[in-house]
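Input: one structure, supplied below.
Just so you know, all these numbers are worked out from the coordinates, no wet-lab data involved. These figures come from a predicted structure and were not determined experimentally. FYI the Cβ positions are ideal-geometry reconstructions off the backbone, even for glycines, and counts take in every protein chain you see.
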Ligand code: AR6
């Protein structure tokens, strides 16, 4: 009879466990970011933090324009790729709003610098969230509206960054990717499925 042999956990299974730990903490949700009950939502702001249209306008309306503007004025604007934090003002179902400024894309031409700035928006927002004890965070699709960042490249870039980040991070319990457009929902599903497939 063959002697018993200690079998090591296959590398494949270890990879699967890492991916499961990432995917268990990410949700893709189609809807209005102002309706989510979560620790923090991330706004796609402008560098003057002056309020605007799109998701920025929706968040200012829901939070109360004058209250939110008063908090934004305490900062001297915000650079592209950087982020600042305010309270949720009248949005009592959240604790904080993180305002980040995405890169602008003209003519669909994405340079390395533009892509790095998009990643910086997510990284800086998460850094500020963690510094403020936030455990759950919802992102809108930064830069993909008025600022013209192509949806496919954004979804791929953000998926790559977040999966890599979450493989190492243990402090964030949930990231919700809020898609307003069906196309962004489909793109995130595609790229997260590719990530999952790469680990099995
Ligand atoms: N909830 C979730 N996502 C939304 C909502 C909402 N209520 N409304 C729009 N979106 P954009 P940007 C999506 O243009 O490209 C502002 O005027 C939208 O479909 O809001 O970063 C600022 O003041 C798109 O997928 O932000 C800046 O000047 C995504 O949010 C400028 O626009 C981002 O679109 C920033 O442009």
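Compute the orientation-averaged projected area for segment 1-111 from the convex hull of its Cα atoms and round it to one decimal in nm².
Dividing the Cα hull surface by four gives the mean projection, 12.4 nm².
Right, here's the next one. Between residue 73 and residue 132, what is the FRET efficiency for a Förster distance of 25 Å, r being their Cβ-Cβ separation, to the nearest 0.05?
FRET efficiency, residue 73 to residue 132: 0.80.
Continuing with the same structure: What 222 nm value per residue comes from the helices of the chain, counting each DSSP H run with n ≥ 4 as -39,500 (n - 2.57) and dividing by all residues, nearest 500 deg cm²/dmol? Can you show the working numbers first?
Details: 6 runs with 86 residues, N = 200.
Taking each H run of at least 4 residues, the total per residue is -14000 deg cm²/dmol.
While we're here: Build a GNM of the chain with springs between Cα atoms under 10 Å: which of 124, 34, 92 gets the top mean-square fluctuation?
Comparing 124, 34, 92 in a Gaussian network model of the chain, the most mobile one is 92.
Scale the Cα Rg of the chain by the rule-of-thumb value 2.2 N^0.38 Å and send over the ratio, two decimals. Present the calculation step by step, with values, prior to reporting the outcome.
Values: Rg = 18.7 Å, N = 200, 2.2 N^0.38 = 16.5 Å.
Rounded to two decimals, the normalised Rg is 1.13.
Still on this model: Using r as the Cβ-Cβ distance of residue 152 and residue 65, and R0 as 30 Å, what FRET efficiency do you calculate, to the nearest 0.05?
After rounding, the FRET efficiency stands at 0.35.
Still on this structure, please answer the following. Calculated FRET efficiency, residue 90 and residue 197, Cβ-Cβ r, R0 35 Å, to nearest 0.05? Walk me through the numbers on the way to the answer.
On the way: r = 43 Å, r/R0 = 1.22.
Between residue 90 and residue 197 the formula returns 0.25.
I've got another one for you. Compute the long axis of helix 151-168 from its Cα atoms, compare it with the longest principal axis of the Cα atoms of the chain, and write down the angle in degrees, 0 to 90, nearest 10.
For helix 151-168, the angle is close to 60 degrees.
Among DSSP beta bridges whose residues both lie in the chain, state the antiparallel percentage, nearest 5.
20
Taking the chain as the reference, fit the longest principal axis to its C-alpha atoms, fit the long axis of helix 54-63 to the helix C-alpha atoms, and give the angle between the two in degrees, 0 to 90, nearest 10.
70
A follow-up question, please. For a quick protection proxy, order the peptides 155-161, 107-113, 192-198, 24-30 by their average other-Cβ count within 10 Å, most packed first.
Highest-to-lowest ranking by the protection proxy: 155-161, 24-30, 192-198, 107-113.
Calculate the length of the line joining the C-alpha centroid of segment 60-105 to that of segment 26-51, in whole Å.
Cα centroid of segment 60-105 versus Cα centroid of segment 26-51: 10 Å apart.
Right, next: I want to check the label-to-label distance for residue 14 and residue 173. Put each point 7 Å from Cα in the C-beta direction and report it in nm to one decimal.
3.0
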